[in-house]
Structure formats: C-alpha cells, structure tokens
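A short write-up of the structure that comes next.
The values are calculated or read from the model by the stated rules, or taken from the named source; none is laboratory data. Computed from a predicted model, the values in this text were never measured in an experiment. Methodologically, a virtual Cβ is constructed for each residue, glycine included, from the backbone with ideal geometry; neighbour enumeration extends over all protein chains shown.
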Amino acid sequence: MERFKDRVNWAEELRRLVGKRTRELEAEENIRRVLEELERIPISAPRGFSVSSVREDRDSD
C-alpha cells in the first residue's frame, strides 16, 4: 500500500468497498425477509376452484 499511496486513495477505496459490501448484505437481508413473508401466504386453492372460475367467467358473457 505504501508503494502505491501516490496513485491510490486507500481511504476512499476502503470506504467504497465497505459501502458495496454493506449494500450487498442489506440486499440479502431484504430478500430473506421477502421470502419469509411469501412463505406465510397460502397459495393453495380449494379443489376445482380454477375450473369453476373459468366456467363462471365464460358463462358471464
């Protein structure tokens, strides 16, 4: 580092690196939270729901 101190602003390089890593970690946390929320949402419908919905929609025209 000493050798390149005239060409590299090490403090700025480190700030940029830490900022990038912090954003990556925050993104990972956000994705984890979203996935946890999605897991709580029931995705199943009663048997025959789709068929009856399509028929009802067709018959309404």
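Among residues of segment 1-29 that are of a type outside the set (D, E, K, R), those with a Cβ under 7 angstrom from a residue that is modelled with pLDDT of 95 or more, sequence gap 6+ or separate chain, pair up as Met1/Trp10. Here Arg7 clears all of (1) modelled with pLDDT of 95 or more; (2) not in a loop (DSSP other than H, G, I, E, B) except the condition numbered (2). For segment 19-61, the set of residues classified as β-branched (Val, Ile, Thr) and outside any helix (DSSP H, G or I) consists of Ile41, Ile43, listed by residue number.
Within segment 33-57, the only residue that satisfies the criterion of being at pLDDT 90 or above, exposed (fewer than 10 other Cβ atoms within 10 Å of the Cβ) and among the basic types (Lys, Arg) is Arg40.
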